[in-house]
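Peer 1: Handing you this structure, nothing more for now.
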Amino acid sequence: MSRREHSESWRRELLQLAGWLGAGLLIGLISGAVTLCLLLALGGYTAIHLRRLDALGGWLARGARLDRTPELGGGWDALVQQIERLRTSADQRKQRLLVLRRSQHEFTDAIPDATLILRDNDEIEWANSAAERLLGIRNPQDLGQRIGNLLRDPSLREYLRRGEFARPFELISPRPEGFELDLRVVEFGDGQRLLTARDVTASHRLQTVRRDFVANVSHELRTPLTVIAGYLEVLEGEDLSPELARGVDSMSRQTTRMTRIVEDLLALSRLEMEQSDPEDDEEIAVAGLARKLAEDAARLSGERGHRIEVQTDDALLLRANPLELGSALSNLVNNAVSHTPNGTAIRVSWETCPGGACFTVRDSGPGIDAEHLPRLTERFYRVDPGRSRASGGTGLGLSIVKHAVMRNGGQLEIDSRPGEGSRFMCRFPAERLLRRNRVAAADDNGAGTRR
Ligand code: ADP
């Protein structure tokens, strides 16, 4: 109904009222009881409207069904039409919402990852059907329960409590199938959390098969290489023609290279496959180790004349696996010699830094382009493959460093700019550090102390 129609119907209503009052007045004047007749006219008019109001109320109370619209007459029909219109648009909106909700359900159930919304205290507010398959969370019985009480994994509880979700959490599902899951949490809204769990069982299995294969191949190659190297050593002692001597020399160098690759592959496999055992950890005097590594690096540099400086906090000890730490740090110091020009400066340091303590190797070599930095710790990734091979590199050094440092609670950070040298830094957390008195530190020769 338009605004004009609306005011028209109420104008008619006013005319009707005027008619009732006019009739009352006329009868009053004729009968001589004007007030009484006017009151009777008003009462009659009001009674009609009360009856219509009652009919309207009854219709609304029965749900304002569109197929049972009352016919009330006068301005009331205009009101009924307005209500009908509002009712129709509310019905349409409800229908649209139902369709939206149904498609939302279908879409969330089609997501293969378990998806949950957690509110305060990590109570489950909503879960899709994959949450039941992967995590055993029943919908709707488990809604309102705390996720930590259902999954019963203390480290998951700690992960959720700490609230640092930059890295995913690895969880073995409590279901009998034992899915391996990657859990991710995103915070949103007013303290709510979206938790997703992806089944990574197949890709983990594939990685294990790949790792096993590399470890087995490396292991199998070890014995034949030892035999070949042994015979080449014997041949080198013989009186050979210059041509044959050159061949034997080249074979020896290649065998040494291959042996180094096999050893590095085996070291990497061990770092990736074997669980680190805290029993193997020692309190290591990294300052002494740094001095020893610098001496080795100076020997490696030899006539190339690198200037190696060491700066250490001698009282700062690190709790770590000595073999893994030694292998990681020596790789960094040796890389600085191998990948920088003769006579350049190398600075090795072990000091406190934000978050704990840092073992840092800075060089003043050619530096590395930014595009290579994220890939340097990949196996066999080299900026210049020819030069790396010529310098005796296997392309596995930085992968070993990254894994060894991570297994000991630290992180490898690489910073470099072409023309400005490079900085390789292993940052270890404060909980791995210890301080000891200065006298003991002065006597230190780099050896570890068994815990
Ligand atoms: P490699 O056996 O070749 O040294 P790494 O894994 O140790 O293998 O290093 C990967 C690559 O990173 C190297 O081939 C080299 O290109 C680059 N690199 C490593 N250390 C340095 C450094 N100090 N300065 C410049 N480039 C470096």
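Peer 1: Can you bin region 8-58 into rounded, prolate or oblate? Criterion: square roots of the alpha carbon gyration tensor eigenvalues sorted a ≥ b ≥ c, rounded for a/c under 1.5, prolate for a/b above b/c, oblate for the rest. Kindly include the intermediate steps, with their values, before the conclusion.
Peer 2: Values: a/c = 5.02, a/b = 1.76, b/c = 2.86.
It comes out oblate by the Cα gyration axes.
Peer 1: In addition: Under the rule a/c < 1.5 gives rounded, and otherwise a/b versus b/c splits prolate from oblate, where does region 1-116 land using the Cα gyration tensor?
Peer 2: prolate
Peer 1: Bin all alpha-carbon pair distances of region 187-308 at 5 Å intervals from 0 and give each bin's fraction as a whole percent.
Peer 2: Spelled out bin by bin, region 187-308 gives 2, 8, 9, 9, 11, 13, 14, 11, 8, 6, 4, 2, 2, 1, 1, 0, 0 percent.
Peer 1: I've got another one for you. In Å², what does the accessible area per residue of region 9-120 work out to with a 1.4 Å probe?
Peer 2: 69 Å²
Peer 1: Taking every pair of Cα atoms in the chain, average 1/r, invert it to obtain the Kirkwood radius, and report Rg/Rh to two decimals.
Peer 2: Using Cα coordinates only, the ratio equals 1.38.
Peer 1: Are there any GluC sites (Glu not before Pro) in region 272-353 that are in a DSSP loop and have at most 11 other Cβ atoms within 10 Å? List them by number.
Peer 2: Filter output for region 272-353: 274.
Peer 1: So in the chain, which Cys have no other cysteine's beta-carbon sitting under 4.7 angstrom from theirs?
Peer 2: Unpaired cysteines in the chain: 37, 426.
Peer 1: Let me ask you something else. Run lengths n ≥ 4 of DSSP H only: what is the helix-derived mean residue ellipticity at 222 nm for the chain, with -39500 (n - 2.57) per run over all residues, to the nearest 500?
Peer 2: Taken over the chain, the calculation gives -18000 deg cm²/dmol.
Peer 1: Quote the relative contact order of region 161-269 in percent (integer), defining contacts as alpha-carbon pairs under 8 Å separated by 6+ residues.
Peer 2: Dividing the mean separation by the residue count of region 161-269 yields 19 percent.
Peer 1: Report the relative contact order of the chain, percent, no decimals, based on alpha-carbon pairs under 8 angstrom and at least 6 residues apart.
Peer 2: 10 percent
Peer 1: To the nearest 10 square angstrom, what accessible area does residue 312 show with a 1.4 Å probe?
Peer 2: Accessible area of residue 312: about 40 Å².
Peer 1: How much of the accessible area of region 307-419, probe 1.4 Å, is carbon plus sulfur, in whole percent? Walk me through the numbers on the way to the answer.
Peer 2: On the way: 2360 of 4910 Å².
Of the solvent-accessible surface of region 307-419, carbon and sulfur hold 48 percent.
Peer 1: Just add up the charged neighbours of residue 219: K/R +1, D/E -1, any other residue whose Cβ is under 12 Å from the Cβ of residue 219.
Peer 2: Combined, the nearby Lys, Arg, Asp and Glu give -1.
Peer 1: Put 281, 190, 77, 415 in order of accessible area, largest first, 1.4 Å probe: what do you get?
Peer 2: Largest accessible area first, the list is 190, 415, 77, 281.
Peer 1: Find which of 149, 22, 261 sits farthest along the positive direction of the dipole of the chain, computed with +1 on the beta-carbon of Lys and Arg, -1 on that of Asp and Glu, about the Cα centre.
Peer 2: 22
The values are calculated or read from the model by the stated rules, or taken from the named source; none is laboratory data. This is a predicted model, so every value here is computed, not measured. When we count neighbours, we look across all protein chains shown, and the Cβ atoms used for this are built from the backbone with ideal geometry, even at glycine. Accessible surface areas use protein heavy atoms only, side chains included; no ligands, DNA or RNA. Shrake-Rupley method; radii C 1.70, N 1.55, O 1.52, S 1.80 Å.
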